[in-house]
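**Student:** The following block contains the structure, expressed as structure tokens.
Any read-out appearing in this document is the output of simple, stated calculations on the displayed coordinates, not a laboratory observation. Everything numeric in this text was worked out from a predicted model, so none of it was measured. Reconstructed Cβ throughout: ideal geometry from the backbone, glycine too, with neighbour counts over all protein chains shown.
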Amino acid sequence: MNRKYYGKVIFELSKPGRTGYYLNSNGCDAHIPELPDTLLRQTPLHLPEIDEPTVVRHYTNMSANNFGVDSGFYPLGSCTMKYNPKINDELCSLPGFTGLHPMQPADTVQGALKAYNDLQAMLSEIGGMAEFTLNPYAGAHGELTGLMVIRAYHRSRGDLARTKVIVPDSAHGTNPASAAVAGLKVVEVKSLPDGTVDVEALRALLDETVAAVMMTNPNTVGLFEYSIPEIAEMVHAAGALMYYDGANLNPLLGIARPGDMGFDVMHINLHKTFSTPHGGGGPGSGPVGVRAGLEEFLPNPVVVIKTPDDDDYFALDYEVEKRPGSLGRISSWLGNFAVELRALSYILSLGKDGLAMAGSLATLNANYVKESLRDLYKVAIDRVCKHEFVFDGLLDKSTGVTTLDVAKRLLDHGYHAPTIYFPLLFHESLMIEPTETESKETLDEFISVMREIAREASETPDVVKGAPHDCPVGRPDDTAAALNPIVSFHEL
Ligand SMILES: *Cc1c(COP(=O)(O)O)cnc(C)c1O
């Protein structure tokens, strides 16, 4: 990064009269028609006046201010910031895909519809579900869609009293938010000291007003919920459905399937588990899968095989017959198609064995980092973890060095910080998800930096508390930014 350019907006670089284009002063023979006064601007266009090299440097330096998986290790818990193979981008950028229009007749887009249909089938196989829709745009949107499917199911049976959703206290914030948006009331269930759902507390909450129980597995603390079979049995006995938040599917890939565990509805985050560059608000995709018997409630449109005797011809179902029980449209067209194509490319290039290997390595890497640091950082819950784990800050609490300080000090070493102060179950949560795409060398370097920071915390705590020392912005006041955001640039 070039500091000279840091933090300037392009208008600050503007110099009156300067331009970034060169037209021969006597050679411009474009015909400029006379326009009536009513169509002309009354005030000059407010544009920066800049030469070409300054524009190029401005944007190049701005792009380099961003930290991404392609710039360094990014152990942001719950976000699965794994490396995204470039072949996925290349495939979804083929002109045969990027040049499509969503309103083209089905017989001109057979390849795209086949890709869509194949991905639906692969996700159904991976999740152990009867059918998937790819329409939702993100994980939270998938949750909303899945809960709407669950509501439609209860309504179809005349069971109108089911208005509550039970959500564990360790759940991602989108779970209660989606339930509220779906018009359902959120009831929280506590976790046991080992981080898993308290089965007895859950049993006490179940009655004929519960529509669904949402579970994340592995849960947000990175632990496998070992009581799922027992929970599924009692939830079903109470007439409610089991919802699986599959945003953390990475460690289960090719190893275990939510459908086999007794879940009725699930979503997957394609941008996390199936490798699309994400963060900063998009693009995402949150396909929703359902078990047999719930397909009719899925949103429209779906890709179907049009005629039973021609299983090579794909159509959109609004060309054929609409699902009578469908909850209708939840997105324009068929979701984020480029993200779907990347997922298809990722699954096809890894294959079944490769996916299972990715899942196992995600688990191995997380446990390796956890075990290598447990003598200096407090393991929040001492169990074999899945793809991620939580430290409750430094083991030695006498130094006064907090999780925020550790996270800031990591920036000086060129790492993205882990997730901090989430989950809320611990005071000093530091949630680390290394992912399967990191080499042992990268993990070892990270471990040695974390050990070095723990040593500094005891010997020179001010160095950690004053971090970062090497970033253009150090410690912004989070509260001021939220209470008094400055969202547009005003020239001084
Ligand atoms: C990321 C995540 C979500 C939300 O997904 P978005 O695509 O960001 O909406 C939901 N649940 C869990 C467990 C997650 O990690």
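**Student:** What's the FRET efficiency of residue 481 with residue 300 using the Cβ-Cβ distance as r and R₀ = 51 Å, to the nearest 0.05?
**Tutor:** Values: r = 41 Å, r/R0 = 0.80.
Computed FRET efficiency for residue 481 and residue 300: 0.80.
**Student:** Take the cross-link list 272/370; 185/397; 82/378; 86/386 and give me the ones stretching past 28 Å between alpha-carbons.
**Tutor:** Working: 272/370 22 Å; 185/397 39 Å; 82/378 25 Å; 86/386 26 Å.
Pairs exceeding the cut-off: 185/397.
**Student:** Which ³J(HN,Hα) values in Hz, rounded to whole numbers, follow from the phi angles of region 198-214 under the Karplus curve 6.51 cos²θ - 1.76 cosθ + 1.60, where θ = phi - 60° and Gly and Pro get x?
**Tutor:** Ordered by residue, 3J(HN,Hα) equals 6, 4, 5, 4, 5, 4, 5, 8, 7, 7, 7, 9, 8, 8, 7, 10, 9 Hz.
**Student:** Then there's this: In region 326-368, whose amide N lies under 18 Å from the spot 7 Å out along Cα-to-Cβ of residue 93? List them in ranges.
**Tutor:** Correct set: 337-346.
**Student:** Order these peptides, 29-42, 355-368, by their mean beta-carbon neighbour count within 10 angstrom, highest first. Mind showing how you got there, number by number?
**Tutor:** Numbers: 29-42: 5.7, 355-368: 20.0.
Ranking, from highest mean packing down: 355-368, 29-42.
**Student:** Could I ask something else about it? If I stretch the segment between residue 460 and residue 23 completely, what's the gain in nm (0.36 nm per residue apart, minus their alpha carbon distance), one decimal? Let's see the in-between values first.
**Tutor:** Details: separation 437, 0.36 × 437 = 157.32 nm, distance 6.06 nm.
Full extension of this stretch gives 151.3 nm more.
**Student:** Looking at the chain only, what percent of DSSP beta bridges run antiparallel? Nearest 5 please.
**Tutor:** Approximately 55 percent, going by the DSSP bridge assignments.
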